[in-house]
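Asker: Questions regarding the structure given below will be posed in turn.
The values are calculated or read from the model by the stated rules, or taken from the named source; none is laboratory data. In this text the structure is predicted, and so the values were computed from the model without any measurement. Quick reminder, even Gly has a Cβ in these numbers, built from the backbone with ideal geometry, and neighbours come from all protein chains shown.
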C-alpha cells in the first residue's frame with residue numbers, strides 16, 4: 001500500500017483503508033503480497049553487502065586508539081547502506097514494477113521476466129532509474145537518526161547506559177519515525193521514477209508525468225501539494241517504526257551480552273562496570289591480561305606449595 005500511494009495509482013484516491021479494499025476487490029487478497037518475493041530475495045545480498053561494507057568503513061573511521069565517534073559510526077552505516085543500495089538497486093525497481101502492475105493483467109510474469117523485459121525494452125539504465133533520490137534520501141535519514149540519538153539522554157534525563165529494554169524500544173521507534181519522515185519525499189520520488197515507463201499501460205499508473213528527479217518534485221507539488229510528497233507515510237511508519245524499535249532493543253541487549261562475556265560489565269542486564277577492569281582495553285588485550293594474571297597466580301601458588 002505504501003508503494004501504491006507513493007506512485008499515486010487509482011487505488012489510493014480514497015485513502016489507506018479505501019486503497020486496501022479497492023486493491024482486494026480488483027485483484028484479490030493475494031495482491032497485498034505483490035513484490036514480496038523480490039523484497040525477500042533482495043534482503044540477503046543487501047544485508048551481506050551492508051555488513052561487509054560497514055566493517056570496512058568502521059575500520060577506516062576508527063582512530064589510532066581504536067575509538068570511533070557516534071557521528072563516524074552513523075556515517076559508516078550510511079555509506080555502507082548506499083553501497084548495498086546501488087548494487088542491489090535493480091531488484092528494488094523490479095519490486096516496484098511488480099507491485100504497481102495489475103495482477104490479473106500483468107506486464108511482467110515474474111522476477112526474471114521483469115528483469116529481461118525492462119533490460120531489453122528500456123535499457124540497463126532503466127534498472128537504476130530513481131537511484132539518485134534513493135542515495136540523497138540517506139542523508140536526512142542519517143541526520144534524523146543522529147539527532148535523536150544524541151538527544152536521548154536529554155529526553156529521558158538520564159545516561160544512555162541506564163536505559164531499560166522498553167526505553168531502548170521507544171528510542172528505536174522515535175528515531176525511525178523522525179528519520180523516515182524526513183527522508184520520505186525522496187522515497188516518494190524514487191518510487192514514481194521506478195514505476196514510470198512509456199512501455200507500460202498509463203505510463204506505469206504514475207499520477208504525474210515528469211522528465212527527471214527535480215521535475216518529479218515540481219510536478220508532484222504542483223499536482224498534489226507539498227503533502228503529496230508524504231503520500232503513503234502512514235503505512236510506511238506502521239511497518240518501519242516497530243521494526244526499528246525491536247532492532248534497537250535487540251542491538252543494545254546483544255551489546256550488553258558481548259560486554260559481559262568479555263568481562264567489561266558484571267551482568268548482561270545492566271551496565272555496571274566490573275571492578276578493576278580497564279575499560280580502555282580491547283577484548284583481546286583484556287583476555288591476554290586475564291591469562292597473564294592467572295599464570296602469575298598459579299605461579300605464586302606453586303611457589304607457596306614448594
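Asker: What are the residues in region 52-81 that are in a loop (DSSP other than H, G, I, E, B) and touching a helix residue (DSSP H, G or I) at 6+ places or on another chain (Cβ under 6 Å), if any?
Answerer: The one that is in a loop (DSSP other than H, G, I, E, B) and touching a helix residue (DSSP H, G or I) at 6+ places or on another chain (Cβ under 6 Å): 68.
Asker: Could you grab me the full set of residues in region 267-284 that are loosely packed, with under 15 Cβ neighbours inside 10 Å and in a loop (DSSP other than H, G, I, E, B)?
Answerer: Result: 267, 269, 270, 272, 275, 276, 278, 279, 280, 282.
Asker: Would you call residue 25 modelled with pLDDT of 85 or more and within 18 Å of residue 110 (Cβ to Cβ)?
Answerer: no
Asker: Of these, 263, 245, which one is touching a helix residue (DSSP H, G or I) at 6+ places or on another chain (Cβ under 8 Å), touching a residue at least 12 places away in the same chain (Cβ under 8 Å) and more than 30 Å from residue 182 (Cα to Cα)?
Answerer: 263
Asker: Right, here's the next one. Name the single residue that is farthest from residue 109 (Cα to Cα) among those in region 34-51 being touching a helix residue (DSSP H, G or I) at 6+ places or on another chain (Cβ under 7 Å) and either outside any helix (DSSP H, G or I) or without any contact (Cβ under 8 Å) to a residue 60 or more places away in the chain (or both).
Answerer: Per the stated criteria, the residue is 50.
Asker: Just give me the residues in region 119-157 being in contact (Cβ under 8 Å) with a residue 60 or more places away in the chain and touching a helix residue (DSSP H, G or I) at 6+ places or on another chain (Cβ under 6 Å), in sequence order.
Answerer: Within region 119-157, 126, 129, 130, 132, 133, 138, 141, 142, 145, 146 meet the criteria.
Asker: Just checking, which of 31, 84 is assigned to a helix (DSSP H, G or I), in contact with a helix residue (DSSP H, G or I) (Cβ under 6 Å, 6 or more places away or on another chain) and under 23 Å from residue 129 (Cα atoms)?
Answerer: 84
Asker: Is at least one residue of region 62-71 surrounded by 14 or more Cβ atoms within 10 Å (Cβ to Cβ) and either more than 21 Å from residue 191 (Cα to Cα) or touching a strand residue (DSSP E or B) at 6+ places or on another chain (Cβ under 6 Å) (or both)? Before you say what the answer is, go through the steps one by one.
Answerer: Our first condition is that a residue be surrounded by 14 or more Cβ atoms within 10 Å (Cβ to Cβ); within region 62-71, this holds for 62, 68.
Within this subset, residues satisfying the condition of being either more than 21 Å from residue 191 (Cα to Cα) or touching a strand residue (DSSP E or B) at 6+ places or on another chain (Cβ under 6 Å) (or both) are 62, 68.
Scanning region 62-71, I find at least one residue that is surrounded by 14 or more Cβ atoms within 10 Å (Cβ to Cβ) and either more than 21 Å from residue 191 (Cα to Cα) or touching a strand residue (DSSP E or B) at 6+ places or on another chain (Cβ under 6 Å) (or both), so the answer is yes.
Asker: Quick one: which residue in 292, 297 is more than 30 Å from residue 47 (Cα to Cα), over 32 Å from the mean Cα position of the chain (by Cα), assigned to a helix (DSSP H, G or I) and modelled with pLDDT of 80 or more?
Answerer: The unique qualifying residue is 292.
Asker: Test of understanding: among 257, 241, 189, which residue is closer than 26 Å to residue 89 by Cβ and either surrounded by fewer than 19 Cβ atoms within 10 Å (Cβ to Cβ) or more than 24 Å from the chain's Cα centre (by Cα) (or both)?
Answerer: 241
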